[in-house]
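The values are calculated or read from the model by the stated rules, or taken from the named source; none is laboratory data. Quick caveat, the model's predicted, so the values are computed rather than measured. Neighbour counts run over all protein chains shown; Cβ positions are idealised from the backbone, glycine included.
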Amino acid sequence: MRLDARVHVAIGGLDLRVELVLGDDQVLAVLGPNGAGKTTLLRALAGLVPLDGGHVALDGVVLEDPRAGAFVPPERRHMGVVFQDGLLFPHLGALDNVAFGLHCRGVPRAAARERARAWLARVGLAGRESARPRTLSGGEAQRVALARALAIEPTVLLLDEPLAALDVSTRAAVRRELTEHLRGFRGVRLLVTHDPLEAAILADRVMILESGRVVQDGPPADVTARPRSRWVADLAGVNLLRGTAHGERIELGMGGTLVVAEPADGEVLAVVRPRAVTLHRVRPAGSPRNVWQGEVVSIDDEGSRLRVSVGGPIPIVAEVTRGAVAELSLAPGVLVWVAVKATDITSYPA
Amino acid sequence: MTRRRAPVPRPAVALAVLGAALFVLPLVGLVARTPWTALASALGSPEAMAALRLSLVCSLSATAVSVVLGLPLAWVQARAAFPGRALVRALTMLPIVLPPVVGGVALLTAFGRRGLVGRWLDEALGVRLGFTTAGAVLAETFVAMPFFVLAVEAALRGVDTRLEDAARTLGAGRWRVFRLVTLPLAAPAVGAGALLCWARALGEFGATITFAGNMPGRTQTLPLAVYVALESRPEAGIALSLVLLVLAVAVLVGLRGRWLGAP
Amino acid sequence: MRDLHRRAALSVRATGALAVVLALGARLGGAWADEPPPVVVFAAVSLSQAFGALESEFRRDHPERRAVFNFEGSSRLVHQIHEGMRADVFASADETNMESARADGALAGPPRIFARNTLVIAVQPGNPKGIRGLADLGRPGLTVALCAPDVPAGRYARQAFAKAGVAVPEASQELDVRAALVKVMVGEADAAIVYATDVRTAGDRVTAVALPPEHDVVARYPIAVLKDAQNPAAARAFVDFVLGPTGQAVLGRFGFLAP
């Protein structure tokens, strides 16, 4: 099974252009900040938002192609969608919610109810058949939503921020169950999220979407190890710098120079882990090739480790202990010397 | 711990009492002057029975037409985006603001025997609406349908379209979505709208008498019968008024405080 | 200093407002004090045009007096008088309604007949349905407008049917004779039984089918001063005028027969 899509949607202020090929062997997470177009992408694949250009095809069958005038409406795409708030029908009980899709597909009433009952049991809600959505907890509602989408045995499963509406404690439990269901599902699986942890745990492949464009696409570890945008870098908690490499020197776009261990040429991205950044009161002498002076901008308390943001020729974040901060009397406005070993910098082509 | 409510200022109370009296006193007067002993004979007369039966038939028919035509109209107004939508919405609300007699005159110009459409109806189909029960139904529909459309449109706007999206992804076509999701969710407001529509149709006078005439057994609905009876047989007029009052109270009880839109 | 100016400006404005109010009040009060109140005449609808013309003549003869009219079906007018609406003069299209008012104790003196009228059948111009008499009105498919039974024209019409030995056809019950006539004029009704004076005023917008004398009913119009009259002298003057030569001449011009 293969989903092949080139999605071009211009809606509101968003210009979404995404090319995506997804088989049934991987779970894809589309990750990005709010407003990136993730939900629009999902809705476009489901047929809820018409394409302005491009196409959507499943196993060679064209579901949508504006230029050819082809459009298969959502009700005939046979895709299961789990929405962010569950979107259970408030006037129907849990069982009727799950049976809804079967009912629409012509399954006789009794059989539909039986299958729905089985699915409710599978998501751990046996006995709650007649419960109205408003009496269900967030986690329970999301489980019913999942059962409802899976009950129609779709070929494609789309999940829109499935855990976003849940509180932290429920999230972990539902995430575990979701992982199992995703693993057991035969078909194309795509989920949309703004939570990198969710993406990392649930997906085999991550596609970063920012302002309507794909910025990165690869295994979760790769994406965080080699972020290609500020947003991902921030998410991964690393320093990301951009510049032009000439051998072992990188001329940074913002000014300043870095010395790295691996020579390279051309546009590069350089990653520096905050814990590899050292701070000094006086200019350090020693092996670090990258030394400069800056001014403390802010200090973020993260418990036993503190993140010190230093401005200057090369803005950077350092992670140090509380004791170190006290000993160096670090505070906003204080001048410090920053040192980074060349071997602690990872660079890769932009 | 119960919270103490701030006392209502005295002048407000006084005005409120006056306001309430304005509504209560006429009803008290009506009940007080009802000829209770002669009620049965007053109501049992063939004219009264005919008027009552006609009123029920016409108002229920008008409500049915309002529902059949009003549901799609409300849906289009609530959901479809087309040029001139604001104008259409304003026009469908017009009969609420228009004096009923003016409505009757307007209906005459359109559907009267010499009217725009009426002329064609008469010549091509031999169909006439004036002085017929159908004409009375048309007049009542004209004044009452906007209430229904107003209530339903508000309800439809309140239904989360994302729920409809969910239904579509599950395999429901547009009509199924409307029938299984939108309508059930809007149902309470639809019911209230229909009830309000029925009440308005039942009480219609000006448009009916102008357009459909005052023919006993055909177009002389209860309000018209009251008006005619008042001059010669006031007791009958008051008795019939009481019937309408009882029906009105029944409608209010049925609505149970829910009006055009939010509960 | 500024404060003083402000206060001065305020008092000027207040005085100005007061002056306006007083002037208005004087004007209105003056309207009541200087000019005598108009004579309020409740008159049957069939008298609309005639009394309208009569009023200007009345004013010519009595310059300081005006008459204002309330034209409705006579039964409605009796009801209004009974419910306490203030009027000076009542001119009815039949004696039954006047008798009803008298029984109520509403009259100041005995009523007097001031005009008579006859009935006609008003039909579409050119009489497309070929209606020749009362018997034709019972034809199926014809739409007939009559007045309600208590409205004089309605009562007279039913008397005419009785005289002709014809059953009263299924018909609308209009609230006054003008409404019945209008139904024919706009094309909604094929026929209506109205007064001869009504078709005169309608001109060529309706055609009149006369009734044979043995079927026709003569309407007698009484007029009386009301006990509740605010202006009994003016009311009596109006009644006398109607009965006098000028008033009778005007009525005759509109087709009314002498009393």
Given the conditions (1) more than 30 Å from B:VAL105 (Cα to Cα); (2) within 18 Å of the chain's Cα centre (by Cα); (3) crowded, with 23+ Cβ neighbours inside 10 Å, every one holds for B:LEU156 apart from (2)
Identity of the residue in the stretch B:127-138, closer than 10 Å to B:LEU107 by Cβ and either assigned to a loop (DSSP other than H, G, I, E, B) or more than 13 Å from chain C (Cβ to nearest Cβ) (or both), that ends up modelled with the highest pLDDT:
B:LEU138
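Residue-by-condition table, conditions (1) within 16 Å of the chain's Cα centre (by Cα); (2) more than 23 Å from C:VAL151 (Cα to Cα):
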position: C:SER172; (1), (2): no, no
position: C:VAL182; (1), (2): yes, no
position: C:ALA192; (1), (2): no, no
position: C:GLU214; (1), (2): no, no
position: C:VAL225; (1), (2): yes, no
position: C:ALA237; (1), (2): no, yes
position: C:PRO259; (1), (2): no, no
Can you say whether C:ALA237 is surrounded by fewer than 16 Cβ atoms within 10 Å (Cβ to Cβ) and farther than 20 Å from C:LEU137 by Cβ, as far as the supplied structure shows?
no
If I filter the stretch B:46-55 for residues that are farther than 24 Å from B:THR141 by Cα and part of a helix (DSSP H, G or I), do I get at least one hit?
yes
Among the residues of the stretch B:190-207, is there at least one that is part of a loop (DSSP other than H, G, I, E, B) and either buried (at least 18 other Cβ atoms within 10 Å of the Cβ) or touching a residue at least 12 places away in the same chain (Cβ under 8 Å) (or both)?
yes
Those residues that are at the interface with chain B (Cβ under 8 Å from one of its Cβ atoms) and surrounded by 14 or more Cβ atoms within 10 Å (Cβ to Cβ), I need them from the stretch A:59-84; list them, please.
A:PRO74, A:GLU75, A:ARG77, A:HIS78, A:MET79, A:GLY80, A:VAL81, A:PHE83
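Condition test on B:MET145, is it in contact with a strand residue (DSSP E or B) (Cβ under 6 Å, 6 or more places away or on another chain) and either within 14 Å of chain A (Cβ to nearest Cβ) or not β-branched (Val, Ile, Thr) (or both)? First the steps, then the outcome.
On the way: in contact with a strand residue (DSSP E or B) (Cβ under 6 Å, 6 or more places away or on another chain): no; either within 14 Å of chain A (Cβ to nearest Cβ) or not β-branched (Val, Ile, Thr) (or both): yes.
The answer is no for B:MET145.
Which is within 14 Å of another protein chain (Cβ to nearest Cβ), touching a helix residue (DSSP H, G or I) at 6+ places or on another chain (Cβ under 8 Å) and either among the small types (Gly, Ala, Ser) or without any contact (Cβ under 8 Å) to a residue 60 or more places away in the chain (or both), of A:VAL144, A:VAL156?
Details: A:VAL156 fails: either among the small types (Gly, Ala, Ser) or without any contact (Cβ under 8 Å) to a residue 60 or more places away in the chain (or both).
After applying the criteria, what remains is A:VAL144.
Got a sec? Which of C:GLY130, C:GLY141 is at pLDDT below 90, of a type in the set (Gly, Ala, Ser) and exposed (fewer than 14 other Cβ atoms within 10 Å of the Cβ)? Lay out the reasoning, then the answer.
Values: C:GLY130 fails: at pLDDT below 90.
It is C:GLY141.
Results for (1) within 14 Å of another protein chain (Cβ to nearest Cβ); (2) aliphatic (A, V, I, L, M); (3) assigned to a helix (DSSP H, G or I); (4) more than 21 Å from the chain's Cα centre (by Cα), shown as yes or no for each residue.
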site	(1), (2), (3), (4)
B:TRP75	no, no, yes, no
B:PRO83	no, no, no, yes
B:ALA86	no, yes, yes, yes
B:LEU94	no, yes, yes, no
B:VAL105	yes, yes, yes, no
B:ARG114	yes, no, no, yes
Whether any residue in the stretch A:39-58 is within 11 Å of chain B (Cβ to nearest Cβ) and farther than 30 Å from A:GLN216 by Cα is what I want to check.
no
Can you name the number of the only condition in (1) over 22 Å from the mean Cα position of the chain (by Cα); (2) not basic (Lys, Arg); (3) not in a helix (DSSP H, G or I) that C:ALA162 fails?
(3)
Here are some residues: B:THR169, B:THR182. Which one is among the β-branched types (Val, Ile, Thr), crowded, with 24+ Cβ neighbours inside 10 Å and within 14 Å of chain A (Cβ to nearest Cβ)?
B:THR169
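Working carefully through the options B:ALA167, B:ALA124, find the one that is out of contact with any helix residue (DSSP H, G or I) (no Cβ under 6 Å at 6 or more places or on another chain), among the aliphatic types (A, V, I, L, M) and in a helix (DSSP H, G or I). Please lay out each step first, then the result.
Numbers: B:ALA167 fails: out of contact with any helix residue (DSSP H, G or I) (no Cβ under 6 Å at 6 or more places or on another chain).
Unique residue meeting the criteria: B:ALA124.
For the stretch C:157-184, which residues satisfy the criterion of being more than 14 Å from chain B (Cβ to nearest Cβ) and crowded, with 24+ Cβ neighbours inside 10 Å? Walk me through it before giving the result.
In the first step, residues of the stretch C:157-184 are kept if they are more than 14 Å from chain B (Cβ to nearest Cβ); the result is C:157, C:159-167.
Result: C:ALA157, single match.
Among the candidates B:THR34, B:THR63, which residue alone is in contact with a Cys (Cβ under 6 Å, 6 or more places away or on another chain) and over 30 Å from B:ASP165 (Cβ atoms)?
Details: B:THR34 fails: in contact with a Cys (Cβ under 6 Å, 6 or more places away or on another chain).
After applying the criteria, what remains is B:THR63.
How many residues does the stretch A:199-216 contain that are assigned to a loop (DSSP other than H, G, I, E, B) and among the charged types (D, E, K, R)? Please lay out each step first, then the result.
Here is the first cut: in the stretch A:199-216, the residues assigned to a loop (DSSP other than H, G, I, E, B) are A:203-204, A:211-212.
Keeping just the survivors that are among the charged types (D, E, K, R) gives A:204.
So the count comes out to 1.
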All but one of (1) away from every other protein chain (no Cβ under 13 Å); (2) farther than 24 Å from A:GLU180 by Cα hold for A:ARG128; which doesn't?
(2)
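Out of all the residues in the stretch A:329-347, which are in contact with a strand residue (DSSP E or B) (Cβ under 6 Å, 6 or more places away or on another chain) and not aliphatic (A, V, I, L, M)?
Correct list: A:PRO332, A:TRP337, A:THR343, A:THR346, A:SER347.
Hey, can you tell me all the residues within the stretch A:1-22 that are of a type in the set (A, V, I, L, M), crowded, with 17+ Cβ neighbours inside 10 Å and more than 16 Å from A:GLU210 (Cα to Cα)? Before the answer, list the steps.
Filtering the stretch A:1-22 down to residues of a type in the set (A, V, I, L, M) leaves A:1, A:3, A:5, A:7, A:9-11, A:14, A:16, A:18, A:20-22.
Those still in the list that are crowded, with 17+ Cβ neighbours inside 10 Å too: A:3, A:5, A:7, A:9, A:16, A:18, A:20, A:22.
If the condition is that a residue be of a type in the set (A, V, I, L, M), crowded, with 17+ Cβ neighbours inside 10 Å and more than 16 Å from A:GLU210 (Cα to Cα), then A:LEU3, A:ALA5, A:LEU22 are the ones that fit.
Residue by residue through the stretch A:230-253, note down the ones that are of a type in the set (S, T, N, Q) and surrounded by fewer than 18 Cβ atoms within 10 Å (Cβ to Cβ). Spell out the reasoning first.
So in the stretch A:230-253, the residues of a type in the set (S, T, N, Q) come out as A:239, A:244.
Of everything in the stretch A:230-253, just one residue is of a type in the set (S, T, N, Q) and surrounded by fewer than 18 Cβ atoms within 10 Å (Cβ to Cβ), namely A:THR244.
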Hits in the stretch C:66-88 (condition: of a type outside the set (A, V, I, L, M, F, W, C), surrounded by fewer than 21 Cβ atoms within 10 Å (Cβ to Cβ) and under 17 Å from C:PRO37 (Cα atoms))
C:ARG66, C:ASN70, C:ARG86
Given the conditions (1) surrounded by 17 or more Cβ atoms within 10 Å (Cβ to Cβ); (2) touching a helix residue (DSSP H, G or I) at 6+ places or on another chain (Cβ under 9 Å); (3) modelled with pLDDT of 90 or more, and given that C:ALA229 satisfies all but one, which numbered condition is not satisfied?
(3)
